[in-house]
1. Where in the range 88-193 are there helices (runs of 4 or more DSSP H), lying wholly inside it, with at least 1 residues that are of a type in the set (S, T, N, Q) and more than 23 Å from Gly261 (Cβ to Cβ)?
2. Considering only residues that are surrounded by 24 or more Cβ atoms within 10 Å (Cβ to Cβ) and in a helix (DSSP H, G or I), look in the range 1-17 and name the one that is nearest to the chain's Cα centre (by Cα).
3. I need the full set of residues from the range 33-69 which are of a type in the set (Gly, Ala, Ser), buried (at least 18 other Cβ atoms within 10 Å of the Cβ) and either over 21 Å from the mean Cα position of the chain (by Cα) or not assigned by TED's automatic domain parsing to the domain that holds Gln17 (or both), in order please.
4. Consider the range 318-347. How many of its residues are surrounded by fewer than 22 Cβ atoms within 10 Å (Cβ to Cβ), aliphatic (A, V, I, L, M) and part of a helix (DSSP H, G or I)?
5. Inspect all residues belonging to the range 124-144 and state whether any of them is surrounded by 23 or more Cβ atoms within 10 Å (Cβ to Cβ), more than 19 Å from Glu85 (Cα to Cα) and at pLDDT below 95.
6. Considering only residues that are over 20 Å from Asn26 (Cβ atoms) and out of contact with any strand residue (DSSP E or B) (no Cβ under 8 Å at 6 or more places or on another chain), which ones fall in the range 45-64?
7. For residues that are under 24 Å from Asn26 (Cα atoms), more than 23 Å from the chain's Cα centre (by Cα) and surrounded by fewer than 21 Cβ atoms within 10 Å (Cβ to Cβ), tally how many sit in the range 70-94.
8. Can you find a residue in the range 207-226 that is part of a loop (DSSP other than H, G, I, E, B) and in contact with a helix residue (DSSP H, G or I) (Cβ under 8 Å, 6 or more places away or on another chain)?
Amino acid sequence: MKKGIAILGSTGSIGIQALEVISDNNDLFDVEVLTANENSQLLIKQAKLHNPNSVVIVNENKYDEVYSALNPLNIKVYSGKNSLEQIIESEKIDVVLTAVVGYSGLIPTINAIKNGKKIALANKETLVVAGELITRLSLEYGAEIIPVDSEHSAIFQCLVGEEKNPIEKIILTASGGPFRGQTREELISITKEQALKHPNWSMGAKITIDSATLMNKGLEVIEAKWLFNLTKKQIDVVVHPQSIIHSAIQFEDGSIKAQLGLPDMKLPIQYALGFPYRIKNKFKRFNFLDFSKLTFEEPDLKTFKNLALAYKAMESGGNAPCILNAANEVAVNAFLKNEIAFLKMPDLIDNCLEKINFVKNPTLEDYIETDRQTRILAKTLI
């Protein structure tokens, strides 16, 4: 029986690659829902190709354009944030791939969990912002969360069959981004064009900038805490420029189990959609003889302060990670508009962590208000 798939954020990098995986396995998957924030043209093209039951264009000004193109094909068209949050309630949906960028993934993911859907989680910010709430809800509603991030997918894969063996620690690998090894002096005049050139991965603009600042790894540290029920001392970060070892687990007997492969996001996407089964594919295979040298380094926390800020927010708990995430989203958006310098982004984030009121045991309403207040403050600091 085919799985019904809803892709929240189908026009982004993860969404596009997910549709390629589905096209290669149309005997296993049906596209039920596609959503996009702004890119109406690509959404229309995708819908015509994959024939979903419904689509959502979040920008309400583009509803008429999408409706005119897809209504004759008997594809239901909705618009607005509320539609994005509600669309995943359909009984035909088995797996919700959350591939929207940033905080906007929080409420749709919560709604998917409350409807008992299996979550293929590519939106790490959901767990960063409200990890405690998401973890509790997933247990309450029996919603399984399968990580799509390459590092967390690696850890998840290594844990299969190890249910009775406690984790001593995990090792999250980081490529180091395009500026690995550079000093703060060398980074003073970095441009967005330079920061968008990732050495290994093909990703969207926001996550590529996060990779350059090491904030992406910081967000992944917080995500890992909630996915795998870990403490700060159980999460190591190691820079691995070749991006072949995607992450590893060390067990209590000292054994280390790692997942390896070429840097291709389609593999963790396929694994999450097909879980618990592995699906045969024609992806390029890794050959040890092509990589005679795999290297590892300690991350430079003095030059790339964002990773240290993420650890700090995780240790503080409460709404601190929510503050971190909101401030970072504002900072990255400003950097992409040439409104803030590369090295000023961590200062803005740190400033927000110091000034926004701390809430030790936040409710969903507290998270929403924290996000709102942080964005207002962050914009005044640019």
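1. The helices (runs of 4 or more DSSP H) meeting that bar are 106-114, 125-141.
2. For the range 1-17, the residue satisfying everything is Ile14.
3. Ser40, Ala47, Ser54, Ala69
4. The number of residues fulfilling the criteria is 3.
5. No, the range 124-144 contains no residue that is surrounded by 23 or more Cβ atoms within 10 Å (Cβ to Cβ), more than 19 Å from Glu85 (Cα to Cα) and at pLDDT below 95.
6. Asn61, Asp64 - these are the residues of the range 45-64 that are over 20 Å from Asn26 (Cβ atoms) and out of contact with any strand residue (DSSP E or B) (no Cβ under 8 Å at 6 or more places or on another chain).
7. 9
8. The answer is yes, given that some residue of the range 207-226 is part of a loop (DSSP other than H, G, I, E, B) and in contact with a helix residue (DSSP H, G or I) (Cβ under 8 Å, 6 or more places away or on another chain).
The values are calculated or read from the model by the stated rules, or taken from the named source; none is laboratory data. Computed from a predicted structure; not experimentally measured. Glycine gets a Cβ as well: all are built from the backbone with ideal geometry, and neighbour counts include every protein chain shown.
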